[in-house]
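Structure first, then comments.
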Amino acid sequence: MYSLEKIEEELKLHVKYGIVHGLIHSDDVPLYGSTGVELNPDKLIKLHQLVKRYYLTMAWSHTTLASVLTAEKKHNKLLRKLPR
């Protein structure tokens, strides 16, 4: 897992060259910052806030139905609260 600092370095480089729309790439984006299959809402929200500081739009490369359902059920509709 890349740290937020490393991700921010990449985002700055992209913006420097005019890239303002992007894709968050991971095996399962909602599991960013988690250990195992248990979501870490704080880290996922910080990741999205960071990306939105640099990109006008973003999307996820991959996710699983299990992580989306967990976010919806265990974390009070977390995915609907993420910055878009």
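Since every read-out is calculated from the coordinates, none of them should be taken as a lab result. From a predicted model like this one, the values you see are computed outputs, not experimental measurements. Cβ coordinates were reconstructed from backbone atoms using ideal geometry, including for glycine residues, and neighbour counts include every protein chain displayed.
Remarks
- Residue match in the stretch 17-34 (condition: in contact with a Lys or Arg (Cβ under 9 Å, 6 or more places away or on another chain) and free of Cβ contacts under 8 Å to residues at least 24 places away in the same chain): yes
- Hey, residue 12 part of a helix (DSSP H, G or I) and more than 15 Å from residue 80 (Cα to Cα) or not: yes
- Entirely in the stretch 29-84, the helices (runs of 4 or more DSSP H) that have 2 or more residues that are within 29 Å of residue 15 (Cα to Cα) and of a type outside the set (Asp, Glu): 41-54, 78-81
- Residue among 58, 1 that is aliphatic (A, V, I, L, M) and in contact with a Phe, Trp or Tyr (Cβ under 8 Å, 6 or more places away or on another chain): 1
- Among the residues listed as 15, 20, 29, the single one being crowded, with 16+ Cβ neighbours inside 10 Å and not hydroxyl-bearing (Ser, Thr, Tyr): 29
- Subset of the stretch 57-84 that is touching a His at 6+ places or on another chain (Cβ under 6 Å) and surrounded by fewer than 13 Cβ atoms within 10 Å (Cβ to Cβ) - its residue that is nearest to residue 23 (Cα to Cα): 61
- Test: residue in the stretch 42-51 that is in contact with a Pro (Cβ under 7 Å, 6 or more places away or on another chain), exposed (fewer than 15 other Cβ atoms within 10 Å of the Cβ) and within 27 Å of residue 17 (Cβ to Cβ): yes
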